Amino acid sequence: MEPYRVKVVEPIPVTTREQRERALRRVHYNLFGLRADEVTIDLLTDSGTGALSAAQWAAGMAGDESYAGSRSFYHFQDVVRDLTSYPCVLPVHQGRAAERILFSALLTPGQITLSNTHFDTTRANVELAGCRAVDLPCPRAQDLDSDEPFKGDIDLRRLEGALRGPDGSRIALVVMTLTNNGEAGQPVSMDNLARAAALCREHSVPLFLDAARFAENAWLVTQREAAYRDMTPRQVAEEAFRLADGCLMSAKKDGIVHIGGFLGLRDRDLAERCEPLLIATEGFPTYGGLAGRDLDMIALGLTEALDPRYLRSRADAALHLAHLTRDAGIDIVEPPGLHALYLNAGRLLPHIPPHRFPGHALACQLYLEGGIRSVELGSLYLGREDEKGNPITTAPYELVRLALPRRTYGIGHLNHVGEALAAAVKGRERIPGYRLVEQPALLRHFRCKLEPAPA
Ligand code: F0G
C-alpha cells in the first residue's frame, strides 16, 4: 500500500465522449493542445506533476527568500553534497538549464558527446553548442519483449571503440541517463556504470549522470542486481554519484517538486566557469532561478524519493497498470520500470503504417475512451516525410508512453485507465490513422496539426 494518506484533494475533470470528440477536433488531434481541464487522468509526463508532502509544503513556508546567502541554499547544498559527494552545487530552474550551462562551459564546436541515450533536451543542448550527440544503447534494448533486467545500459564495446577510435580525442564527455528515458525508462546496472566510469577515467573523459530518476534507478538495482540486493536505494544512489564527475539533475522527477534542478560538479575550475553563465541566465548562485522555498522543498524531496516503502509502492502501481495493459491485450516494453509504461502501438494496430502514426492513433483513442492523456513516441516524434506525406525516415518502434506522476493517482485511477485500454482494444480495427496537415520545422510533435485518415 501507499506509505502516505491524502490530506488535500483536487477534483479531476469528468467529461462526456461528445465533449472529448469536440475537444480533439478543436486542437487538430494534438493532445498537447488540450486544456488540462479537458483531461481526466493526465499521464503525459511524470515531470513536475507529483504531489508534495506536508513536510515539503511546511519547509517551503520556512524558506528564506534572501537574494544572496539564503539559509535555504545552504541547507539544500548540504543535502545535495551529502547525497552526491559533489562539492559544487549550482541550482537551476530545471534540468535543461543545467544542460545548457554545463555544455556552454565545457564543449567546443566539433566535439562529440556519448550516452546510453541522450534525452531530447540533452541532445538539443549538445547540438546548440555545435557538437554531435551519439547514442550507444546496449543491443539488448532492441528486444522490447525480453525480460532482461538492465536494458538501459550503455554498449560498453562501442563506448570503448569510440574512446580508442580515430575520433576519440574529440569526445568531450559521456552522459549516463538513469533511468534511460529514451529507452523506455529501462534502468542502468551498477556494473555497467562502473565499467563505463573506468573507461572514461582511462581516457580522461569526464562522466556525468543525467540523474533525473536516480532514486528509481537505485530501487531497480536493489531489486535486479544480485550484488546490491542487501543495500538500500540510498546506498546505491550514493555509489552511483561517486562513480561520476558530476550530475545534471531535473528535480521535477526524483526531487518530487513542481520546478527545480541543479548541476553538481566535482571540478571546482569547471564550476567557476559555469558560475557566470548561471548568474547571467538563471540567477545568483545561491538561488539560481528558484525561490528559496523551492530549494527547501527539493532538499526534502530528494530524501523522500529514496524511501524504500515509497519506491516499492510506486513500483507496485506500475506493475498493476502493466497487468491491466497486458490483460487488455496490449504488449508493453518489458520489463516494466517505475516512471512510465511504454505501449507497443505498432503491434496493436498493424493496419496503420508508421507514417499514419499508430502510436498517435492509440493515444487519441485513449483520450476518446477515457479522457486519458498520454504521449506518442514513434514516427510522429522521430520520423520525417516528404511533401506528399510519404515516409523518408520512420521510428524504430511505434510506442505510447503512459507516465505515472509521483504520489498523484491511486489504484482506482489506474483501473479507469485499464478500462479505457480494454475499450480501445475492442474497437481496434476501426481506429483510424492520422495525416499531418500542418507542422513546424522543429519539434513538430508539440505543435503540429493532424486529421484522421481512415485506412
Ligand atoms: N533528462 C531526462 C532523462 C528527462 O527525462 C528530462 C525531462 C530532462 C533531462 C529535462 O529536464 O524537463 O527539468 O528540463 N523529461 C520530461 C519527460 C520532460 O516528460 O520525460 P527538465
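The values are calculated or read from the model by the stated rules, or taken from the named source; none is laboratory data. Note that the structure is a prediction, hence the values are computed from the model and not measured. Cβ coordinates were reconstructed from backbone atoms using ideal geometry, including for glycine residues, and neighbour counts include every protein chain displayed. Side chains included, ligands, DNA and RNA excluded: accessible areas come from the protein's heavy atoms. Shrake-Rupley method; radii C 1.70, N 1.55, O 1.52, S 1.80 Å.
Within the group Gly130, Gly69, Gly110, which residue is within 19 Å of Tyr287 (Cβ to Cβ), over 19 Å from the mean Cα position of the chain (by Cα), open to solvent by 10 Å² or more (accessible area, probe 1.4 Å) and away from the ligand (no atom under 16 Å from the Cβ)?
Gly69
Quick check, is Arg266 open to solvent by 10 Å² or more (accessible area, probe 1.4 Å), farther than 26 Å from Ala62 by Cα and basic (Lys, Arg)?
yes
Which condition does Val437 not pass, out of (1) touching a residue at least 24 places away in the same chain (Cβ under 8 Å); (2) over 19 Å from Gly185 (Cβ atoms); (3) open to solvent by 40 Å² or more (accessible area, probe 1.4 Å); (4) out of contact with any Asp or Glu (no Cβ under 7 Å at 6 or more places or on another chain), if it passes all the others?
Only one criterion in (1) touching a residue at least 24 places away in the same chain (Cβ under 8 Å); (2) over 19 Å from Gly185 (Cβ atoms); (3) open to solvent by 40 Å² or more (accessible area, probe 1.4 Å); (4) out of contact with any Asp or Glu (no Cβ under 7 Å at 6 or more places or on another chain) is unmet by Val437, namely (4).
Considering only the range 92-137, state which residues are assigned to a loop (DSSP other than H, G, I, E, B) and in contact (Cβ under 8 Å) with a residue 40 or more places away in the chain.
Passing the criteria: His93, Gln94, Leu107, Thr108, Gly110, Gln111, Asn116, Thr117, His118, Phe119, Cys131.
Taking Phe119 as meeting all but one of (1) touching a Gly at 6+ places or on another chain (Cβ under 8 Å); (2) more than 20 Å from His258 (Cβ to Cβ); (3) open to solvent by 20 Å² or more (accessible area, probe 1.4 Å); (4) not hydroxyl-bearing (Ser, Thr, Tyr), write down the number of the exception.
(2)
Exactly one condition in (1) assigned to a loop (DSSP other than H, G, I, E, B); (2) of a type in the set (A, V, I, L, M); (3) over 20 Å from Thr408 (Cα atoms) is not met by Ala23; state its number.
(1)
Scanning for something closer than 20 Å to Asp120 by Cβ, modelled with pLDDT under 95 and of a type in the set (A, V, I, L, M), does the range 395-411 turn up at least one residue?
There is at least one residue in the range 395-411 that is closer than 20 Å to Asp120 by Cβ, modelled with pLDDT under 95 and of a type in the set (A, V, I, L, M).
Just need a number here: residues in the range 237-261 that are away from the ligand (no atom under 11 Å from the Cβ), aliphatic (A, V, I, L, M) and surrounded by fewer than 24 Cβ atoms within 10 Å (Cβ to Cβ).
1
It is to be established whether one or more residues within the range 142-152 are outside any loop (DSSP other than H, G, I, E, B) and outside the structural domain of Leu377 (by TED's automatic domain parsing).
The answer is yes; a qualifying residue exists.
Is at least one residue of the range 372-384 open to solvent by less than 10 Å² (accessible area, probe 1.4 Å) and of a type in the set (S, T, N, Q)?
yes
Only one residue in Leu290, Leu277 is closer than 27 Å to Asn181 by Cβ, within 14 Å of the ligand (Cβ to nearest atom) and either touching a Ser or Thr at 6+ places or on another chain (Cβ under 7 Å) or assigned to a loop (DSSP other than H, G, I, E, B) (or both), so which one is that?
On inspection, the qualifying residue turns out to be Leu290.
Check off (1) aliphatic (A, V, I, L, M); (2) part of a helix (DSSP H, G or I); (3) surrounded by fewer than 20 Cβ atoms within 10 Å (Cβ to Cβ) for Ala299 and give me the number that stays unchecked.
Evaluating Ala299 over (1) aliphatic (A, V, I, L, M); (2) part of a helix (DSSP H, G or I); (3) surrounded by fewer than 20 Cβ atoms within 10 Å (Cβ to Cβ) leaves (3) as the failure.
Being more than 12 Å from the ligand (Cβ to nearest atom) and open to solvent by less than 50 Å² (accessible area, probe 1.4 Å) is the filter here, so list the residues in the range 22-49 that pass it.
Ala23, Leu24, Val27, Tyr29, Asn30, Leu31, Gly33, Leu34, Glu38, Val39, Thr40, Ile41
When residues of the range 316-346 are filtered for being open to solvent by 20 Å² or more (accessible area, probe 1.4 Å) and either within 23 Å of the chain's Cα centre (by Cα) or free of Cβ contacts under 8 Å to residues at least 24 places away in the same chain (or both), how many remain?
10
Would the range 178-187 turn up any residue that is open to solvent by 10 Å² or more (accessible area, probe 1.4 Å), away from the ligand (no atom under 16 Å from the Cβ) and charged (D, E, K, R)?
no
What about Tyr86, is it hydroxyl-bearing (Ser, Thr, Tyr), surrounded by fewer than 21 Cβ atoms within 10 Å (Cβ to Cβ) and more than 14 Å from the ligand (Cβ to nearest atom)?
When the stated conditions are applied, Tyr86 does not pass them.
Restricting to the range 89-107, what's the tally of residues that are within 16 Å of the ligand (Cβ to nearest atom) and open to solvent by less than 50 Å² (accessible area, probe 1.4 Å)?
Of the residues in the range 89-107, 11 are within 16 Å of the ligand (Cβ to nearest atom) and open to solvent by less than 50 Å² (accessible area, probe 1.4 Å).
Could you list, in sequence order, all residues of the range 440-454 that are open to solvent by 80 Å² or more (accessible area, probe 1.4 Å) and touching a helix residue (DSSP H, G or I) at 6+ places or on another chain (Cβ under 8 Å)?
Within the range 440-454, Phe446, Arg447 meet the criteria.
Suppose we keep only residues that are in a helix (DSSP H, G or I) and among the hydrophobic types (A, V, I, L, M, F, W, C) within the range 223-236. Which one would you say is least open to solvent (accessible area, probe 1.4 Å)?
Val236
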